[in-house]
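Values quoted throughout were computed directly from the atomic coordinates according to the rules given, and no laboratory measurement underlies them. All values reported here derive from a predicted model rather than from experimental measurement. Cβ placement follows ideal geometry from the backbone for every residue including glycine, while neighbour counts extend to all protein chains displayed.
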Amino acid sequence: MTTNQPSRRQTTTQPPPRPRGRGNNTRWGIVVLCFLGITINYVDRANLSVALPEMAKDLHIPPEIQGFVLSSFFITYALGQLPAGSLTDKYGVRPMFAIGASIWGVFTMLGGAVQNVATLIATRLGLGVGEAAGYLGCAKAVSRWFPRHERALANSVWDNGARAGTAIALPAVTAIIALLSWRWSFVITGLLAIIWVFAWLRGYREPKDHPTLSEAEFEYIKAGGARLDDADEASAGVKVRWRQLFGYRTVWAMMFGFFCLNYAIYFFITWFPTYLVKERGFDLLKLGLFGALPGIIAIGGSLLGGFTSDRLIQRGWSLNKARKTCLASGMLVSSVIALAVLVPEAWQALALLSLSYAALAFSAASVATLPSDVAPQADQVSSLAGIQNFASNVAGVLGPIMTGFLIAATGSFVLPLLLSGALCILGAITYTVGIRKVAPLPPRITA
């Protein structure tokens, strides 16, 4: 136990040797399971964005109301982050993720039965409640299962479920709509979440309880700084209460930086299909063929971001320098989203938007590691992830509404894209100067 404290602070020392052999990679199986859960999470979330042009005709939904419908999900999703984080820390990843996926699967299927805007919004609010457990559960699982120098890559794997789900949703939902109807697209995609719950309950356990985890792999992740409760020296020190997390400048910088990043990302999740149809003249076939490109390219950006961040640490960079470099550089490059308004050809706009999405994903790999890197105690990783994700998804509430009103006021996507680009630059500045140091936050003793 006395060796844990130095290992947590000496971020430039050589990582422990990785055990070889197929039987020593259980942790990667866990992260693949998380990836599948987040992929389905985003398919169910993005379903509405793809189906909205057809739904708007049937249900007579004008643009400004479409923006509110798209953002309604984020109301409960954002608010649900705070209690979901605390509950996940208290009751564990396995039950909370399963409950959340069951809820979002049911409400997705109910989307196929809506008859008006009110019932549609109700299903989106229910979807937000269930999906609140996804990001937090994955962040917690990686903090338990991976050493410090593998966290960013592991987080990029499951976080790529967001890109994969969004990319898959475009051709898959488009095909279901063309063959059956938009109503069936909700039923079929919602059922996927229920199927995944059974796989999750069968496959996930905590490291100390997992039946196939070898002793060599367990010692490897423990020696590498995995946030295990029984191996974290902070648990025996001064306890930082949940409300005290808001007293740290680093936490506020994490919140605002992720807000800026997600404002741009959620353009791709909500309004992007409509942008291609209305602004660039895509028909349903072109939307299905080319609309998935930014999400596919962003998968590579995310993996590159995770690999780069971890590789820099393995080469001797401090945790602080490695994470901040990836955060700031990705956010700066992502600001090219604003340049899409200047190019005349659709392929040029698609190329710029693909680069922007890939750069956002590059940064997101390090964003996902921050709760594990800075949480004062191991039993607060999900709580801190919930706080960070709550702020980021306020952008999910405001962004689609703001975009809808700007489109209604100006008749184009120029102002929405310029605003997204400006926030990307602001996010880069926030991560650079707002976070004092990427390291476990020190407990504060008050009189």
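Just in segment 350-447: which chymotrypsin sites (Phe, Trp or Tyr not before Pro) are loop by DSSP and have at most 14 other Cβ atoms within 10 Å? All intermediate terms of the calculation are to be shown ahead of the outcome.
On the way: sites: Tyr357, Phe362, Phe390, Phe405, Phe413, Tyr431; in loops: Phe413.
Sparse-neighbourhood loop chymotrypsin sites (Phe, Trp or Tyr not before Pro): none present.
When a/c is below 1.5 the answer is rounded, else prolate if a/b is larger than b/c, else oblate, so apply that to segment 331-423 with a ≥ b ≥ c taken from the square roots of the Cα gyration tensor eigenvalues.
It comes out oblate by the Cα gyration axes.
Once the Cα atoms of helix 249-269 and of the chain are each reduced to a long axis, what angle between those two axes, in degrees from 0 to 90 to the nearest 10, is obtained?
In the chain, helix 249-269 runs at an angle near 30 degrees to the longest axis.
Note down the relative contact order for the chain as a percent, whole number, built from C-alpha pairs under 8 angstrom at least six residues apart.
27 percent
Residue separation times 0.36 nm, minus the C-alpha to C-alpha distance between Leu179 and Glu345: what's the value?
56.7 nm is the gain from fully extending Leu179 to Glu345.
Between the helical axis of 414-429 and the dominant principal axis of the chain, each derived from Cα atoms, what acute angle in degrees is found, rounded to the nearest 10?
Helix 414-429 sits at roughly 10 degrees to that axis.
Between segment 289-307 and segment 108-144, how far is it from one alpha carbon centroid to the other, in angstrom?
Cα centroid to Cα centroid, the span is 24 Å.
Work out the length of the dipole vector of segment 248-351 about its Cα centre, built from +1 on the beta-carbon of each Lys and Arg and -1 on the beta-carbon of each Asp and Glu, and round it to the nearest 20 debye.
Value, rounded to 20: 480 debye.
Note down the relative contact order for segment 85-161 as a percent, whole number, built from C-alpha pairs under 8 angstrom at least six residues apart.
34 percent
Which residue fluctuates most in the GNM of the chain (Cα springs below 10 Å): Thr39, Thr369, Thr274?
Top of the fluctuation ranking is Thr274.
With a ≥ b ≥ c taken as the square roots of the eigenvalues of the C-alpha gyration tensor of segment 149-279, please select rounded if a/c is under 1.5 and otherwise prolate if a/b is larger than b/c or oblate if it is not?
Because a/c hits 1.5 or more and a/b fails to exceed b/c, segment 149-279 counts as oblate.
For the chain, what does the helix formula give at 222 nm: sum of -39500 (n - 2.57) over DSSP H segments with n ≥ 4, over the residue count, nearest 500 deg cm²/dmol? Numbers along the way, then the final one.
Numbers: 17 runs with 322 residues, N = 447.
Mean residue ellipticity at 222 nm (helix-derived): -24500 deg cm²/dmol.
With the cut-off at 1.5 for a/c, could you classify segment 41-80 from its C-alpha gyration tensor as rounded, prolate or oblate?
Oblate, because a/c is 1.5 or more while a/b does not exceed b/c.
How many lysine pairs does the chain hold where the Cα atoms are under 29 Å apart and the two sit 8 or more places apart or on different chains?
For the chain, qualifying lysine pairs total 25.
Taking the Cβ of each residue in Trp196, Trp158 as the centre, tally the other Cβ atoms inside 10 Å and list the residues starting with the fewest. Can you show the working numbers first?
On the way: Trp196 21, Trp158 27.
Ordered from fewest to most neighbouring Cβ atoms within 10 Å, Trp196, Trp158 come out as Trp196, Trp158.
I'd like the orientation of helix 381-410 relative to the chain: the angle between its Cα long axis and the longest Cα principal axis, in ° from 0 to 90, rounded to 10.
It works out to around 20 degrees.
I need Asp209, Asp310 ordered by Cβ neighbour count within 10 Å, fewest first.
Asp209, Asp310
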